[in-house]
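Visitor: Quick one: structure below, then a few questions.
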Amino acid sequence: MVPVPTVGRTYTRRRSVRLGDVNPHGRMRLDAIARAVQDIATADASEALSGSAFAYVLRRLWLVIDQPAMLGETLTMTTFCGGTARSWAERRTSLEGDRGASIEAAAIWVPIDSSGRPIRLPDDFLDVYGEAAQGRRVEARRTHSTVPAEAESRQWPIRYADLDTLGHVNNAAHWCAMEDQLAGAPVVQAEIEFVGGLMLAEPCSFAVVERVDGANSWLCAEGHVRSSQRVWTMQ
């Protein structure tokens, strides 16, 4: 997790942790953190790249939760470019709460054209965000395993409310199955990798392997992994 840069573009906004963001213990859920990170990324890009004719897909999101955010806490969120490569970039987001919350996020985003194919990072992106990245190169290759034979699997319902404007399950909603599995256990690190989109009409299954220090899980449709998660919980 690279620190907030002293040069280049950074973008800061505040938001409170609301009732719909937390679990029964009052802690901000993984899907709510992911949604907050997604929202500030969208706001920053809309302001900085308003004339761009391309979109992004999320490849990976890594969260480090040194202290969880709690209901009613005000978060100061700062986002910036943490690194680049030929056809993707890392967006870093730092969340600091007025009651001590400390959460760091690093997301790999891939630009795509109107047909959904990856493209090179456009010049206007590098003009805006390149200085903050300070020449750091980042990788986008997937590192999670396939579903092992010992994984326990169950059906997972996709709700219409989970869908985004493309008709796919929103990136943040992919965390909901893991939150259900954890049943409120405090998370210290979490990572998700995306392979493909989930659609409403597809029967979806959730496979999981519990570990002493957390769990690994996979959301699958039509026999293919669409996303995978690794979570480490407080012992």
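Visitor: How large is the convex hull of the C-alpha atoms of the range 74-159 per residue, in Å³?
Guide: Each residue corresponds to 214 Å³ of Cα convex hull volume.
Visitor: Compute, for residue 205, the solvent-accessible surface of its heavy atoms (probe 1.4 Å) with the complete set of protein chains present, and express it in square angstrom to the nearest 10.
Guide: Near enough 30 Å² of accessible area.
Visitor: Using the Cα centre of the range 116-178 as origin and beta-carbon charges of +1 (Lys, Arg) and -1 (Asp, Glu), tell me which of 167, 151, 138 is placed farthest towards the positive end of the dipole.
Guide: Ranked along the dipole, the leading option is 151.
Visitor: How much accessible area does residue 125 have with a 1.4 Å probe, in Å² rounded to the nearest 10?
Guide: Here the residue's solvent-accessible area equals roughly 20 Å².
Visitor: Considering only protein heavy atoms, what is the solvent-accessible area of residue 224 at a probe of 1.4 Å, reported in Å² to the nearest 10?
Guide: 110 Å²
Visitor: Could I ask something else about it? Probe radius 1.4 Å, ligands and nucleic acids ignored: give me the carbon and sulfur share of the accessible area of the range 69-199 as a rounded percent.
Guide: Carbon with sulfur: 50 percent of the solvent-accessible area.
Visitor: Distance in nm between label sites at residue 199 and residue 212, each 7 Å beyond Cα in the beta-carbon direction?
Guide: 4.4 nm
Visitor: Bin all alpha-carbon pair distances of the range 80-125 at 5 Å intervals from 0 and give each bin's fraction as a whole percent.
Guide: Per 5 Å bin, starting at 0, the Cα pair percentages come out as 5, 19, 23, 18, 12, 9, 7, 5, 2.
Visitor: Mind giving me the nanometre distance, one decimal, between the label points for residue 155 and residue 86, set 7 Å out from Cα along Cα→Cβ?
Guide: 4.4 nm
Visitor: OK, next. Order 75, 182 by their accessible area, 1.4 angstrom probe, all chains in place, largest first.
Guide: Putting 75, 182 in descending order of accessible area: 182, 75.
Visitor: Under unit Cβ charges (Lys, Arg +1; Asp, Glu -1), what dipole magnitude, rounded to 20 debye, does the chain have relative to its Cα centre?
Guide: 220 debye
Visitor: If the chain between residue 139 and residue 76 were fully stretched, how many nm would it gain, using 0.36 nm times the residue separation less the Cα-Cα distance?
Guide: 19.9 nm
Visitor: Compute the FRET efficiency between residue 124 and residue 19 as 1/(1 + (r/R0)^6), taking r as their Cβ-Cβ distance and R0 = 35 Å, and round to the nearest 0.05.
Guide: Rounded to the nearest 0.05, the efficiency is 0.35.
Visitor: Using all alpha carbons of the range 1-63, what is the percent of pairwise distances in each 10 Å bin, ordered from the shortest bin to the longest?
Guide: 16, 41, 34, 8, 0
The values are calculated or read from the model by the stated rules, or taken from the named source; none is laboratory data. Just so we're clear, the structure is a prediction, and the values are computed from it rather than from any experiment. Don't worry about glycine lacking a Cβ; one is built from the backbone with ideal geometry, like all the others, and counts go over all protein chains shown. Note: accessible area is taken over every heavy atom of the protein model, side chains too, but ligands, DNA and RNA are not part of it. Shrake-Rupley method; radii C 1.70, N 1.55, O 1.52, S 1.80 Å.
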